[in-house]
1. Looking for something closer than 16 Å to residue 43 by Cβ and near the ligand (Cβ under 10 Å from one of its atoms) - is there at least one such residue anywhere in region 221-235?
2. Looking for something in contact with a Leu (Cβ under 7 Å, 6 or more places away or on another chain) and within 14 Å of the ligand (Cβ to nearest atom) - is there at least one such residue anywhere in region 241-249?
3. Of the residues 57, 67, which single one is part of a helix (DSSP H, G or I) and either open to solvent by less than 30 Å² (accessible area, probe 1.4 Å) or not small (Gly, Ala, Ser) (or both)?
4. Consider residue 247 against the criteria (1) open to solvent by 40 Å² or more (accessible area, probe 1.4 Å); (2) touching a residue at least 40 places away in the same chain (Cβ under 8 Å); (3) over 21 Å from residue 15 (Cβ atoms): it satisfies all of them except one. Which criterion is unmet?
5. For region 96-110, give me the residue count where each residue is closer than 24 Å to residue 6 by Cβ and part of a helix (DSSP H, G or I).
6. Restricting to region 30-54, what's the tally of residues that are within 20 Å of the chain's Cα centre (by Cα) and either open to solvent by 30 Å² or more (accessible area, probe 1.4 Å) or more than 15 Å from residue 252 (Cα to Cα) (or both)?
7. Which of the following residues is modelled with pLDDT under 95 and open to solvent by less than 10 Å² (accessible area, probe 1.4 Å): 165, 184?
8. If I ask for residues that are of a type in the set (S, T, N, Q), away from the ligand (no atom under 16 Å from the Cβ) and in contact (Cβ under 8 Å) with a residue 24 or more places away in the chain, which ones from region 178-219 would you list?
Amino acid sequence: MASRKPLISGNWKMNHTHLDAIAVVQKLAYSLGPADYERAEVSVHPSFTALRSVQTLLDADEVPIALGAQNVYPADSGAYTGEVSPVMLAKLNVRYVIVGHSERRQLLGETDGMVNQKLVAVLGHGMSPILCVGETLEEREAGTTEAKVLGQLKADFEGVSPEAAAKVVIAYEPIWAIGTGRTASPDDAQAVCKAVRAWVGEAYGSELAGRTRVQYGGSVTPDNVAELMAQPDIDGALVGGASLDAERFARIARLGHQAD
Ligand code: PGA
């Protein structure tokens, strides 16, 4: 919808050294122009080891790409070997933090309880979480997609005030579509994103629901992004594989339009 500016986010996962990350961001900054930033907000989510390098580059060249992280630990500091705190991220001008990605839920055992704590921690430090929710193939085939997604939302938003909830971006990512080349059809993606927005409306009221950005994620490419973004309840994309290459990601950020 016109009132919600799409957010196109590149989740680089465990790819790109800090040197690769700098090269990609430089190319991206060169490929995108004011008309693109007018149409969509763009964020990149490098590994922790590359955050500082990318931040320095974005700041020095005043590139209007938002810096994002892929994860966070829900404590300000302490004896948590190997973890990174929201204080550290906020100091790097990180604006968006991915929370509850299915890879972390599945491979690292992240529960909704942990996701909720992370969501609260990110919000507590003035950053916006990109909260990932989505169903497995078995759940889709069993017809329990909405129940799964809405159940995750309920648990992950536990105790979050309306003021804080207004800063959350929700990414609907069907797990069977992530990294598989299988995208949800625009109709199916729209149906779930609409249900997500309806849930926000029930929990926080229709005004906030109308402002909340709901991204779709799962095998988004330059070829399918325009069709997905044309859906009324899809306000952006969380892009994995196709965000690693600057030119492909720039095409996605242009919402599928070719360079002028
Ligand atoms: P994909 O990943 O675009 O490679 O499917 C999306 C994601 O995991 O956020």
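The values are calculated or read from the model by the stated rules, or taken from the named source; none is laboratory data. Because the structure is predicted, anything quoted here is derived from the model rather than measured. Backbone-built Cβ (ideal geometry, glycine too); neighbour counts: all protein chains shown. The area values use the complete protein model at the heavy-atom level, side chains included, leaving out ligands, DNA and RNA. Shrake-Rupley method; radii C 1.70, N 1.55, O 1.52, S 1.80 Å.
1. There is no residue in region 221-235 that is closer than 16 Å to residue 43 by Cβ and near the ligand (Cβ under 10 Å from one of its atoms).
2. Yes: one or more hits.
3. 57
4. Single failed check for residue 247: (3).
5. 2
6. Count: 13.
7. Checking each option against the conditions leaves just 184.
8. Just the residues of region 178-219 that are of a type in the set (S, T, N, Q), to begin with: 180, 183, 185, 190, 206, 212, 215, 219.
Restricting the remaining residues to those that are away from the ligand (no atom under 16 Å from the Cβ) gives 190, 206, 212.
190, 212 - these are the residues of region 178-219 that are of a type in the set (S, T, N, Q), away from the ligand (no atom under 16 Å from the Cβ) and in contact (Cβ under 8 Å) with a residue 24 or more places away in the chain.
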